[in-house]
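**Student:** Sharing a structure with you now.
No lab work stands behind these numbers, since they all come straight from the coordinates. Not measured: the values here are computed from a predicted model. Quick reminder, even Gly has a Cβ in these numbers, built from the backbone with ideal geometry, and neighbours come from all protein chains shown.
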Amino acid sequence: MVILSTIIYNEVVEFIRNHDGLPFDEEADLQVKFPNVNAITLSSILAREWQEKIKAKHTYMKERTKKFIQEYRKHSSEAKEDDILLKIALREQFAPFALCRLILSEYHFRSLTKQPTKPELNEMLRNPSLIPDSLLGANVSTCLYNDYRDGPIPDAIRQSIGEEYEHKLKQLAKDAGLHFFDEEDLRRIGFDKTPDLKLAVPCLYKGSVIHWIESKASFGDMESHRKYVRDQLISYGNRFGAGIVIYWFGFLDKILDHKVNGNNIHILDSFPDKSDLVLLSSDDENKLE
């Protein structure tokens with residue numbers, strides 16, 4: 001099982017927050033420092049910490065955006081380099097793509113008669129070749145392809161991983177003999193907030209009646225778990241009954257028995273072992289009711 005003790009988790013988080021090397025080296029440095037923790041678990045914790053760092057520094061960076069633009073203009077007039085913004089982001093320990101988002105929101109293009117709209121700026125961020133200033137476009141492109149934590153590329157990777165583990169969940173559920181509706185099935189019949197799998201016929205997991213299973217391709221820390229419970233899991237429990245949430249990349253030990261789980265949320269780091277499942281028939285379901 002990939003369950004981290006609070007002590008080890010706090011050590012990992014402290015190491016990330018105090019890391020004074022290049023952001024590109026953080027993941028490798030983490031694996032050297034914590035060789036007994038799964039690499040994918042460390043990567044998930046690191047991604048979460050970077051998201052929090054971007055949020056925490058956003059106001060500070062936004063207030064200094066005009067100074068960063070002045071610095072960029074000065075350096076770009078002296079040398080036509082495509083990594084000026086990347087160097088600023090590394091110096092400030094801020095995500096390069098997030099810096100570019102702030103820069104473009106304040107940057108005034110001398111070749112344009114009016115400031116681009118927000119949708120136009122977002123399109124420029126996704127496709128830097130659309131930026132009227134070609135050198136700025138090259139700088140944004142460098143940031144785009146060197147940011148492992150923020151932007152369309154990490155977003156696409158996260159989405160792909162999430163879909164991969166949802167597919168894995170469905171396959172394991174089929175192999176276990178479970179019959180279920182997936183999110184698309186449930187939305188077609190009018191449900192809005194839906195678990196990844198709603199069992200057509202409940203099963204027993206270690207004596208508890210299970211109605212749904214949710215897949216999370218991430219590490220379950222306390223803050224993110226509380227948010228998932230508040231925004232999703234509690235509604236599944238209220239509507240359908242008890243279910244299972246699987247944190248495929250592990251979770252913090254103290255969320256196992258946290259009071260927010262109530263009696264409706266069971267937490268695992270992998271699909272339940274077949275020996276712990278008892279399949280029910282529709283007649284059994286009627287008896288449970």
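**Student:** With labels modelled as points extended 7 Å from the Cα through the Cβ direction, what inter-label distance (nm, one decimal) is found for Arg188 paired with Gln51?
**Tutor:** My value for the distance between the label points is 3.0 nm.
**Student:** Which aspartates and glutamates have a Cα lying under 16 Å from the Cα of Lys66, excluding residues fewer than 8 positions away in the same chain?
**Tutor:** Cα-Cα hits under 16 Å: Glu92, Glu106.
**Student:** Right, next: Counting other Cβ atoms within 10 Å of each Cβ, which trypsin sites (Lys or Arg not before Pro) in region 236-275 have at most 10 and sit in a DSSP loop?
**Tutor:** Answer in residue order: no site qualifies.
**Student:** Does region 87-172 classify as rounded, prolate or oblate by the C-alpha gyration tensor (a ≥ b ≥ c root eigenvalues; a/c under 1.5 gives rounded; else a/b over b/c gives prolate, otherwise oblate)?
**Tutor:** prolate
**Student:** On to the next question. Would you calculate, for the chain, the mean residue ellipticity at 222 nm contributed by helices, counting each DSSP H stretch of 4 or more residues as -39,500 (n - 2.57) and dividing by all residues, to the nearest 500?
**Tutor:** Mean residue ellipticity, 222 nm, calculated: -16000 deg cm²/dmol.
**Student:** Which one, [x] 18.4, 59; [y] 19.4, 60; [z] 23.3, 79, gives Rg and Dmax of the Cα atoms in Å as derived from the coordinates shown?
**Tutor:** Checked against the structure: label [z].
**Student:** Among the listed pairs Lys87/Lys118; Lys62/Lys118; Lys170/Lys206; Lys118/Lys227; Lys55/Lys227, give every one whose C-alpha distance is greater than 18 Å.
**Tutor:** Result: Lys87/Lys118; Lys170/Lys206; Lys118/Lys227 exceed 18 Å.
**Student:** For Glu164 and Asp25, compute 0.36 nm times the residue count separating them, minus their Cα-Cα distance, and round to one decimal in nm.
**Tutor:** Residue separation times 0.36 nm, minus the Cα-Cα distance, leaves 47.4 nm.
**Student:** Also, quick follow-up: Out of region 145-237, which trypsin sites (Lys or Arg not before Pro) are coil in DSSP terms and have no more than 14 other C-beta atoms within 10 Å?
**Tutor:** Loop-located and lightly packed - Lys193, Lys206.
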